[in-house]
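Only the coordinates and a few stated rules stand behind these numbers; no lab work does. From a predicted model like this one, the values you see are computed outputs, not experimental measurements. Cβ atoms come from the backbone with ideal geometry, glycine included; neighbour counts cover every protein chain shown.
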């Protein structure tokens, strides 16, 4: 029976947690019911007035989450009226309808709610009002006006002040926790959004690299083959016409021009295909950089320390960066030797191009290095330039292993 009763209480508590407004209404009813014995006063008009006061306090608890400021204002107004009129230390009698009851605990609950759901400057004002009301009530409480009432006043003040301060501190701590968890959820949402964007960008970069490879293969297997066949046919026609005694010189000239144009177009198409996706990259980045170093106009040395192959998009980006840096060194550095190195570093890789030239390379808007920087930044990469006057120049490109 006891375990069953415990489960029933747990289920009821969980249900009330899921329905906070119902829980507030139940709390208000409980406070009102606890004050039922204190409302049996006479005359009848005083009992009715006291009932109305207590119902207002209970109702303010029921709406405390929806309207915390309004609910507290109602509760505090009733509390101040009770503090002044519900206690009568001297001549006369207190207003019986405004004498405190158990329902006045609603004011403590409302102060907690105000601190938990409104800014600190608002809740601090509410705390000050409650403390002022407690001071008025103690000052008008008859026992403290006796000869030995100073100690009693001190105890009452410490008790009421402690209860109010505790309620405010707990509410303020709840507000802090709520703000912290909301901030944590926001940060988690931002991190999740950033992760999704990174994944989308990686897919877009990889898809773009795959499309470029398909375009290169289509050019190589389609248009390039047809142009080669056309150039060969025109060459044969030109040779046949040259061997024919009755050939027209003008026609022979036109055929020769067409043959040269076809060969030029074929060469341009091959260069374009290599610029889109060099076929040597199919063998991996180390092999591609080795070919690039062997074809350099400046004697180049190449080193590689890669155990895991990066994604095709990163390989292509590293290759084109190395090609442009070699071209820049050939044109502007006056170097006699270039070194290309690529190594793994943490989750990514670092490629360095070093020459023994005159130095002075700088990142300037619109320059070649600025263009490389923009390219590597699309995948959260970095480009660092170390080029003092007189050399040497070292340019490091940091790239992730996957876009």
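Neighbouring Cβ atoms within 10 Å as the yardstick, rank 130, 389, 321 fewest first. Walk me through the intermediate numbers first.
On the way: 130 28, 389 7, 321 21.
Exposure proxy ranking, most exposed first: 389, 321, 130.
Can you give the FRET efficiency to the nearest 0.05 for residue 261 and residue 122, using r as the Cβ-Cβ distance and R₀ = 51 Å?
Once rounded, the FRET efficiency stands at 0.05.
Could you tell me the relative contact order of the stretch 2-145? Use alpha-carbon pairs under 8 Å, at least six residues apart, and round to a whole percent.
25 percent
Among 259, 402, 145, rank each residue by its count of other Cβ atoms within 10 Å, from fewest to most, as a rough exposure measure.
On the way: 259 20, 402 16, 145 13.
Fewest to most other Cβ atoms nearby, the residues stand as 145, 402, 259.
Could you give the nm distance between label points at residue 48 and residue 12, where each point is 7 Å from its Cα heading toward the beta carbon?
For residue 48 paired with residue 12, the spin-label model returns 3.5 nm.
How would the stretch 45-138 be classified by its alpha-carbon gyration tensor: rounded, prolate or oblate, with rounded meaning a/c under 1.5 and the a/b versus b/c comparison settling the rest?
On the way: a/c = 3.24, a/b = 1.52, b/c = 2.14.
Oblate, because a/c is 1.5 or more while a/b does not exceed b/c.
Sort 237, 138 so the one with the fewest other Cβ atoms within 10 Å of its own Cβ comes first. Could you put the intermediate results ahead of the total?
Details: 237 16, 138 22.
Exposure proxy ranking, most exposed first: 237, 138.
Which residues in the stretch 287-315 have a backbone N closer than 18 Å to a point placed 7 Å from the Cα of residue 396 along the Cα-to-Cβ line?
Output list for this probe position: 303-306.
Could you work out how far apart the two model spin labels at residue 308 and residue 190 are, taking each label as a point 7 Å from the Cα in the direction of the beta carbon, and quote it in nm?
2.9 nm
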